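Following: one structure in structure tokens, then a few remarks.
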Amino acid sequence: MDFTAQQFVFRPGDPGYEDGLAGFQTGFVTRPDLVVGATSAEDVVAAVSYAAGQGLPVGVQATGHGLPGASEGGVLISTRHMDSVRVDADARTVTVGAGARWGQVVEAAAPHGLAPLNGSAPGVGVVSYTLGGGLGILAREFGYAADHVRSLDVVTADGTLRHVTAESAPELFWGLLGGGANLGVVTELEIGLVPVARLYGGAITFDGRTTEPAALLRGYEEWTRTLPDELTSSLAAVVYPDLPQLPPPLRGRYLVSVRVAFTGAAAEGERLVAPLRALGPAVSDTLREMPYTESPTIHSDPDFPHAYYGDSALLSGLDVTTAGELLALTGPDADAMHVVQLNHLGGALGRPAPNAVPYREAGWLVRILSPLDGTSVAVAREVHARAFGCVAGQRLGRSLNFAFGGGDRPEGLYDADTRKRLAELKATYDPANLFRRNYSVRQVL
């Protein structure tokens, strides 16, 4: 093996092995034969070539949010050291290394009056998020993050480093964006930025025990029907356990929140959210004008590693009656904690783009995330099956970005035509299925 940074190459038992494996998801154990902490594209080439020569499967990890599950053996390429961020303000683009996180890009773009199409959590990796599509806080106005990619540098299974654009290799470009980690290891990515320096946003939160969640859901769905594309929103319902380590305002509470990001004027934002404020007494209301650098406060996602299992359903429409039943199954009467989020889609998300992101006709995304502290994956799956069964009549498929710990269940992540096209690309660029520590498209044939 020829690595430029031998100090970041570890085998089981070596000092640094456990640190090299560490990621945001702690619910699944991975024990690779070799961890390569890549610092360059050349390191990735060497790691892929070594794995291919030894017949070992390859996994890739930047931040570890979307770990597909437990695994033994093989080679894990950690890209977290490859975290460069270069903004070209004139071109309105940013070029990022494979380990860069969205928070870095937000901070680098802000001085130029620009913003990336990041998600709600600043600690999530740019590349893996984008390869899965990338549903961001401004998605209805600008579409998926994948729709704005200009080029990718990727190491394919034959150990070749390729610079891929829509012009140079249109089919591979199509498949990389939406196909996840199936076709290679992306070492660098160039993506467009948007001229957004501030927004009107935040969250309005209701007590789900005193204001009926089903009524809040009905009011929210009705409110979304006439919104402009410049406003992207979601509804979340969470039952917090009564634990001393939680802030007192959260302990034992059932909270239902509507989160908003609107790029228009603050006065117009106030007018648009007035119907939400009329739904009931708010526990908190953080809606305000803010610099884009404060956008992570809209969702205030947890920033500490923890164990969880998650899945999703992309829906053609939202039946508030059946969605209300889903909320009831995952609410205060459930045996364990579940975090439910409904994302309002449409707008630019429905426009065609030269990539493999599927189900663009979807109007809604329902996500359920279940912490695994004291709850097994099997129990979480049983709850998910019942809950998603409530909305089965509108279900189109699942979202790759929000499949957590379910690498053995790739069904439904793509429509039939997209799945077939990705499988053909897989056969061309990775015939030995070297990159199989993911949601493999080969498994669904």
Query raised in the report: Say we look at region 78-91 and pick out the residues that are under 23 Å from the mean Cα position of the chain (by Cα) and over 18 Å from residue 9 (Cβ atoms); which of these is surrounded by the most Cβ atoms within 10 Å (Cβ to Cβ)?
Result: 87
Requested in this report: Restrict the check to region 311-332 and report whether at least one residue is of a type in the set (Val, Ile, Thr) and assigned to a strand (DSSP E or B).
Outcome: no
Query raised in the report: If you take the residues of region 335-352 that are out of contact with any Lys or Arg (no Cβ under 8 Å at 6 or more places or on another chain) and farther than 23 Å from residue 219 by Cβ, which of them is surrounded by the fewest Cβ atoms within 10 Å (Cβ to Cβ)?
Result: 335
Query raised in the report: Checking residue 205 against (1) surrounded by fewer than 24 Cβ atoms within 10 Å (Cβ to Cβ); (2) part of a strand (DSSP E or B); (3) not assigned by TED's automatic domain parsing to the domain that holds residue 289, which single condition isn't satisfied?
Result: (3)
Query - Index of the failed condition, residue 60 passing every other in (1) in contact with a strand residue (DSSP E or B) (Cβ under 8 Å, 6 or more places away or on another chain); (2) assigned by TED's automatic domain parsing to the domain that holds residue 124; (3) not in a loop (DSSP other than H, G, I, E, B) - result: (2)
Query - Subset of region 5-24 [more than 20 Å from residue 82 (Cα to Cα) and in contact with a strand residue (DSSP E or B) (Cβ under 8 Å, 6 or more places away or on another chain)] - result: 11, 12
**Report entry** Whichever residue in region 116-173 is among the acidic types (Asp, Glu) and touching a residue at least 12 places away in the same chain (Cβ under 8 Å) and, among such residues, is surrounded by the most Cβ atoms within 10 Å (Cβ to Cβ)
**Finding:** 147
Query raised in the report: Looking at 277, 253, which is the one that is outside the structural domain of residue 21 (by TED's automatic domain parsing) and surrounded by fewer than 16 Cβ atoms within 10 Å (Cβ to Cβ)?
Result: 277
Requested in this report: Scan region 365-394 residue by residue and report those that are in contact with a Ser or Thr (Cβ under 8 Å, 6 or more places away or on another chain) and in a strand (DSSP E or B).
Outcome: 365, 366, 367, 368
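The values are calculated or read from the model by the stated rules, or taken from the named source; none is laboratory data. Worth saying up front: this structure is predicted, and the values here are computed from it rather than measured. A quick note on method: Cβ atoms are made from the backbone with ideal geometry, for glycine too, and the neighbour counts reach across all protein chains shown.
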